[in-house]
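The structure appears below as structure tokens.
The values are calculated or read from the model by the stated rules, or taken from the named source; none is laboratory data. Being a predicted model, the structure only gives us computed values, none of them experimental. Cβ: placed from backbone, ideal geometry, glycine included. Neighbour counts: every protein chain shown. Accessible surface areas use protein heavy atoms only, side chains included; no ligands, DNA or RNA. Shrake-Rupley method; radii C 1.70, N 1.55, O 1.52, S 1.80 Å.
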Amino acid sequence: MSKQIQAIRGMNDILPEHSRRWQYLEGVIRQVVASYGYEEIRMPVVEQTDLFKRSIGEVTDIVEKEMYTFEDRNGDSLTLRPEGTASCVRAGNEHGLLYNQQQRLWYMGPMFRHERPQKGRYRQFHQVGVEVFGLQGPDIDAELIVMTARLWRQLGLSEHLTLELNSLASNAARAEYKSALTEYLRGHYDVLDEDSQRRLESNPLRILDSKNPAMAEMLSQAPKLSEYWDDESREHFTGLCARLDAAGIEYRHNERLVRGLDYYNRTVFEWVTDSLGAQGTVCAGGRYDGLVEQLGGKGTPAVGFAMGLERLVLMLEQLDNVELPQAVDIYVSAMGDAAELPAAKIAERLRDDFPTLRVMQHCGGGNFKKQLKRADKSGAEVAVILGEEEVANQMVSIKYLRADKPQASVSWEQLNQVITTFIK
Ligand code: ATP
Ligand code: MG
């Protein structure tokens with residue numbers, strides 16, 4: 001036997017037993033974003049490498065060590081998208097969707113990062129992203145957060161998620177803070193771990209993000225970003241907080257929340273859980289007012305977030321508090337050659353009359369016992385059985401596979417009435 005080829009590490013198959021939960025999650029998300037009037041945009045999964053370098057930033061984890069970058073046959077440097085915001089801005093600029101307009105967009109799809117695979121962290125993973133262009137006030141920041149809160153309610157996750165909030169203020173204020181922070185960190189150089197020493201000059205804000213307990217005490221004494229906020233950013237932040245208060249959404253102002261990418265300013269937020277171990281952030285986002293221009297468009301304020309679907313699926317799996325639909329509702333069996341075609345007709349008729357029900361017809365023949373075993377395994381509520389005698393009398397037998405009800409025999413005309421009784 002020849003050796004089997006395996007999937008790439010960190011890139012998972014989603015098998016039928018799991019795809020049902022994925023479909024449920026995706027369905028709820030689609031419904032929630034639509035209920036706020038957001039429209040879907042679909043971008044390619046491959047872009048020019050420069051798009052990500054210019055937007056995410058050269059000294060970020062993603063660009064430094066996580067991108068899948070390759071040369072295509074023309075010698076162009078291409079990259080599998082590690083996130084969606086840059087592509088969305090690229091598409092918006094390219095098609096003239098952004099300048100002087102308002103856009104509320106969302107997308108869903110796979111992202112690629114060469115990270116160390118572990119629970120909640122993969123090399124191909126899936127995000128839903130939401131991006132809004134052309135609006136600069138805290139009202140829209142609040143809308144995005146209120147929308148995510150609604151989503152958690154719908155999914156039954158609210159009690160397991162908390163919201164962390166911060167403002168990165170304006171570029172000028174952040175630059176001032178950066179030098180104060182750098183100076184402070186230089187004074188504690190010996191406490192910095194290797195990563196942080198490297199980041200000290202290139203991306204000192206990221207050091208605040210560190211989970212290294214050896215640095216915790218030193219970092220808690222570091223200058224605070226909020227002491228450097230400009231007036232407008234402070235007002236924006238209090239405006240957002242007031243709206244969240246009004247909506248009854250709790251949050252924690254986390255001074256050390258800075259996010260890993262370069263393009264954020266003002267509002268940043270994360271929804272975190274402690275039920276997934278180290279991979280606790282399920283949704284993260286913020287404002288990126290400079291990015292559209294940075295990517296060659298005309299200045300357009302923007303704000304968005306992305307959530308990791310694997311982490312949400314893991315939470316749903318752990319809680320296991322939703323009843324997922326079975327793949328099959330009705331299993332149609334034919335006993336004997338003469339019954340096969342009438343059974344197929346009945347199955348098609350049921351699909352015509354009940355388009356939301358899942359009707360599976362038995363294929364492959366076999367005796368009564370074997371067919372019933374299949375019917376049971378399919379998860380169906382009932383088996384509709386046609387034998388030669390039923391065909392002769394234009395009847396079907398109905399066997400209830402889950403409920404404790406006796407088998408019934410009804411005419412082809414009455415069948416719909418019986419089926420109607422167990423449509424949810
Ligand atoms: P983390 O701190 O966990 O590395 P991040 O800051 O790199 O996250 P973002 O770039 O903000 O993540 O992506 C948004 C969301 O996408 C994350 O909050 C997370 O839920 C999910 N995500 C990011 N990277 C991965 C990954 N490698 N595998 C699975 N989900 C991921
Ligand atoms: Mg990361």
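Data overview
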item	result
Region 236-262 - residue that is under 18 Å from E164 (Cα atoms) and acidic (D, E) and, of those, nearest to the chain's Cα centre (by Cα)	E250
Count of region 231-264 residues which are within 16 Å of ligand 1 (Cβ to nearest atom) and either among the charged types (D, E, K, R) or open to solvent by less than 20 Å² (accessible area, probe 1.4 Å) (or both)	8
Region 306-332 residues that are touching a residue at least 60 places away in the same chain (Cβ under 8 Å) and farther than 30 Å from V396 by Cβ, paired with ones that are among the acidic types (D, E) and within 16 Å of ligand 2 (Cβ to nearest atom) (beta carbon under 9 Å, 6 or more apart)	A306/E83
Residue pairs meeting the criteria (Cβ under 6 Å; at least 6 apart or on separate chains; first touching a residue at least 24 places away in the same chain (Cβ under 8 Å), in region 366-392; second open to solvent by 100 Å² or more (accessible area, probe 1.4 Å) and in a loop (DSSP other than H, G, I, E, B))	E381/R402
Condition broken by R287, with the remaining ones in (1) closer than 18 Å to L105 by Cβ; (2) touching a helix residue (DSSP H, G or I) at 6+ places or on another chain (Cβ under 6 Å); (3) modelled with pLDDT of 95 or more; (4) surrounded by 22 or more Cβ atoms within 10 Å (Cβ to Cβ) satisfied	(2)
Listing of strands (runs of 3 or more DSSP E) fully contained in region 1-119 that carry 1 or more residues being acidic (D, E) and away from ligand 2 (no atom under 16 Å from the Cβ)	46-48, 68-71
Residue within region 47-64 that is of a type in the set (V, I, T), under 15 Å from the mean Cα position of the chain (by Cα) and crowded, with 18+ Cβ neighbours inside 10 Å present	no
All positions within region 162-201 that are assigned to a helix (DSSP H, G or I), closer than 30 Å to L144 by Cβ and among the polar types (S, T, N, Q)	N171
Test: residue in region 291-303 that is under 17 Å from the mean Cα position of the chain (by Cα) and either open to solvent by 20 Å² or more (accessible area, probe 1.4 Å) or within 16 Å of ligand 2 (Cβ to nearest atom) (or both)	no
Residue list for region 275-302, filter: in a strand (DSSP E or B) and over 30 Å from Q118 (Cα atoms)	A302
